[in-house]
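Accompanying notes for the structure given below.
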Amino acid sequence: MYAIDENAPVIARLSTVINAPLKTVWQLHTDIGAWATWNTDVDQSVLDGPLTPGTSFTWKTHGLDITSTVHELIPGERIVWGGPAGGITGIHVWTFEQTGDQVTVHTEESWSGAPVDAAPEELGRALHQSLENWLAALKSQAEHGM
């Protein structure tokens, strides 16, 4: 199984509980081409093929053009992607666990590379805020629509 880089200078781990069916949460999260419709931090996102390991997608967020590659996919349970952007190598793990009528979404991401080495505190805060925003948007959209 793929994992974040535990030796990276920046690591963020967050979770949220969503009061919606797992199917709803999973479909929202993995419909990459629709991210910008519910996640205001994403300006554009395009999946370059079927959502399977080895497939890449491009997206724009916070002024960065990112190409991420899906490394692992267990439908309804786990998706891992990563890639370079602006000298930063990111690895992002998402897990989904249904308990009763709720879904716990856990995300963890690592960043490494020269820009991170130069400003780990600032970039750590930026990553943490970005993931908080993503989870809040996912929760809002899954529970209420926008």
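The values are calculated or read from the model by the stated rules, or taken from the named source; none is laboratory data. Treat the numbers as computed from the prediction; the structure is a model and nothing was measured. Here Cβ is always computed from backbone atoms with ideal geometry, including for glycine, and neighbour counts include all displayed protein chains.
Among the residues of region 1-22, those that are of a type in the set (D, E, K, R) and exposed (fewer than 15 other Cβ atoms within 10 Å of the Cβ) comprise Glu6, Arg13.
In region 115-143, the residues that are farther than 16 Å from Gly90 by Cβ reach residues that are polar (S, T, N, Q) and not in a helix (DSSP H, G or I) with C-beta atoms within less than 6 angstrom, at least six apart or across chains, in these pairs: Leu135/Thr16; Ala137/Asn39; Lys139/Thr16; Glu143/Asn19. Reported count of residues in region 100-121, each being of a type in the set (Ser, Thr, Tyr) and either outside any strand (DSSP E or B) or surrounded by fewer than 19 Cβ atoms within 10 Å (Cβ to Cβ) (or both), is 1.
Quickly run through region 38-55 and pick out the residues that are of a type in the set (Val, Ile, Thr), out of contact with any Asp or Glu (no Cβ under 9 Å at 6 or more places or on another chain) and either touching a residue at least 40 places away in the same chain (Cβ under 8 Å) or under 20 Å from Asp65 (Cβ atoms) (or both). Explain how you work it out, then say what you get.
First, pick out the residues of region 38-55 that are of a type in the set (Val, Ile, Thr): 40, 42, 46, 52, 55.
Among the residues that remain, those that are also out of contact with any Asp or Glu (no Cβ under 9 Å at 6 or more places or on another chain) are: 40, 42, 46, 52.
Thr40, Val42, Val46 - these are the residues of region 38-55 that are of a type in the set (Val, Ile, Thr), out of contact with any Asp or Glu (no Cβ under 9 Å at 6 or more places or on another chain) and either touching a residue at least 40 places away in the same chain (Cβ under 8 Å) or under 20 Å from Asp65 (Cβ atoms) (or both).
Condition test on Ile18, is it more than 12 Å from the chain's Cα centre (by Cα), of a type outside the set (Gly, Ala, Ser) and farther than 16 Å from Ser130 by Cβ? Yes.
The set of residues in region 1-37 being out of contact with any helix residue (DSSP H, G or I) (no Cβ under 6 Å at 6 or more places or on another chain), over 18 Å from Thr67 (Cα atoms) and of a type in the set (A, V, I, L, M) consists of Met1, Ala3, Ala8, Ile11, Val17, Leu22. Taken as a whole, the structure leaves Gly76 outside the set of residues that are within 21 Å of Ala8 (Cβ to Cβ) and surrounded by 13 or more Cβ atoms within 10 Å (Cβ to Cβ). Annotation note: of Phe96, Phe57, the sole residue that is touching a Gly at 6+ places or on another chain (Cβ under 9 Å) and within 17 Å of Glu132 (Cα to Cα) is Phe96.
Condition check ((1) of a type in the set (Lys, Arg); (2) outside any loop (DSSP other than H, G, I, E, B); (3) at pLDDT below 95; (4) buried (at least 16 other Cβ atoms within 10 Å of the Cβ)) across all residues:
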position	(1), (2), (3), (4)
Thr24	no, yes, no, no
Gln27	no, yes, no, no
Thr37	no, yes, no, no
Asp43	no, yes, no, no
Pro50	no, no, yes, no
Gly54	no, no, no, no
